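Some notes on the structure that comes next.
The values are calculated or read from the model by the stated rules, or taken from the named source; none is laboratory data. Fair warning: this is a prediction, and the values are worked out from it, not measured in the lab. Counting neighbours? That spans all protein chains shown, and the Cβs are built from the backbone with ideal geometry, glycine included. Side chains included, ligands, DNA and RNA excluded: accessible areas come from the protein's heavy atoms. Shrake-Rupley method; radii C 1.70, N 1.55, O 1.52, S 1.80 Å.
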Amino acid sequence: MPAPRRALVALSYLAAALALGLVFSLYFSPDLVIDLAGRLWSCF
């Protein structure tokens, strides 16, 4: 695998891990989780 492609793959993995970490960190706020559950429940 050429070096530029390897760097692009590594950067994509890093971006995905950062996005997942950000989403998981939002769940440490109980108010947010309750608000999201209420919004989801109101769809049904």
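With all protein chains in place and a 1.4 Å probe, the accessible surface of the chain carries 77 percent carbon and sulfur.
In units of the rule-of-thumb radius 2.2 N^0.38 Å, the chain shows an alpha carbon radius of gyration of 1.84. In this label model, Leu36 and Tyr13 are separated by 2.6 nm, measuring between points 7 Å along each Cα→Cβ vector. Compared with the dominant principal axis of the Cα atoms in the chain, helix 3-26 is inclined by about 20°.
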